[in-house]
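Worksheet: one structure, shown below.
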Amino acid sequence: MDDVSPLILQKWEKRYGLNEQMMRFVITNYQKPGFGLVKIARKIFGDRKISSKDKRINDLRNFVLAYERHFRGKHLTEEQKEFIDKNYRIMSAYDMAKEIFPPPEGKRFEPLSLDAKKVYEYIKIKGYSEVGGKPMQKYKPPKQPKVAIKKINKVSYDSQWPPYNELSSRKKFCVDQLMSYLNSPRFSAVYQKFETESERELYEDEFIKSTFNKPDLSTEEVNLYINLCINYVLQLRVQQQMNDVNKMIDEATSDPSGDTKQIRITLTDLLGKKTTEFEKLQTRIEKLTDTLTGTRKNRLEAMAKVNESISSIVEQWKEAEKREHLIKMAKVHEDKVLREEMKRLGGFADEVANVMGISEDEIINH
């Protein structure tokens, strides 16, 4: 809080009900893992009953926003601004922020730190494409079928799926499984690592397009599809970087000063490296695609054989049951014919039975 004028501090204290010590604690801890505004509020106000609906939580949130607005873009040096101006076309905002404000040795760079936000804000003010201020927002996987269906329809070019209650049983199962894939921890973690909105969107779209009609995937296969989509995004990123380097080469070539030979050599070398990187990504994509296609094909064929064997056993059982039923029917018919014949013979049959010492039922069942 040393960079904030006493007048601003007094204004914040009056508006948000926080003294300077409280404000220091909030700013020091609100970005740390495990520290939410509720936990911070309970600590500084000494009230463990504070909930997220408490007015003091809203005051804390507004104070943090006011603090960030106060420092927005204010502490970039001319040298740092020049670095951004020269590199924004070939580096992401996240990478530039990490380069300008390197973390201490052994520490992880915090992409939502105030230093990083200075870079994001400067890029936004300058109107450069792809601002890296959104990448670490938490991914919100679909929890309702209608949301998943909307995502499917976005990437399904052949036909649009109707509402969930109008779907066939198989398609309902596809929707349910897709939701489980998108809710997997690894999918969300990878999503949040991407640094631009277009990269996140491509990652999710390619994954959905590849898996929405495959409800039988194993966990290992889901992870392989995630790897495949990561490579799609990386390939697009490299392609964009190649385009930017080509533009820079064109600009250097057309420079009338004639002092750009070394720059052209450097850029050409960089283009060669990016081309090699692009080709390696293409090879990985092809191998992953072949692996996934082969693995699923083999599994489906094995399942088909199992189902065929089960069907054969069921058919044999039905045939055996049918034969047993026919034998019983024939026996009933035979008994009926014998009884009718004995009735026709009348007393003669009775005499024969008495002489032989057997009953009528014994004759029939013999």
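The values are calculated or read from the model by the stated rules, or taken from the named source; none is laboratory data. Note that the coordinates shown come from a computational prediction; the quantities given were computed from them, not determined experimentally. A quick note on method: Cβ atoms are made from the backbone with ideal geometry, for glycine too, and the neighbour counts reach across all protein chains shown.
A few comments on the model shown:
- The number of residues in the stretch 117-164 that are modelled with pLDDT of 75 or more, β-branched (Val, Ile, Thr) and under 21 Å from ASP205 (Cα atoms) comes to 4.
- A count restricted to the stretch 185-212 and to residues that are of a type in the set (S, T, N, Q) and under 15 Å from PRO141 (Cβ atoms) stands at 3.
- GLU220 vs. criteria at pLDDT 80 or above and under 24 Å from ALA97 (Cα atoms): no
- Scanning the stretch 165-202 for residues that are among the β-branched types (Val, Ile, Thr), at pLDDT below 95 and not in a loop (DSSP other than H, G, I, E, B) returns a single hit, VAL190.
Yes/no matrix, rows are residues, columns are (1) within 30 Å of MET248 (Cβ to Cβ); (2) modelled with pLDDT under 85:
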| position | (1), (2) |
| --- | --- |
| GLY17 | no, no |
| MET22 | no, no |
| PHE71 | no, yes |
| PRO103 | yes, yes |
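For (1) out of contact with any helix residue (DSSP H, G or I) (no Cβ under 9 Å at 6 or more places or on another chain); (2) more than 21 Å from GLN31 (Cβ to Cβ); (3) modelled with pLDDT of 75 or more, each residue gets a yes or a no:
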position: VAL64; (1), (2), (3): no, no, yes
position: TYR67; (1), (2), (3): no, no, yes
position: LEU76; (1), (2), (3): no, no, yes
position: SER92; (1), (2), (3): no, no, yes
position: MET96; (1), (2), (3): no, no, yes
position: ILE100; (1), (2), (3): no, no, yes
position: GLY106; (1), (2), (3): yes, no, no
position: GLU110; (1), (2), (3): no, no, no
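- The stretch 203-244 - residue that is in a helix (DSSP H, G or I) and charged (D, E, K, R) and, of those, farthest from the chain's Cα centre (by Cα): ASP244
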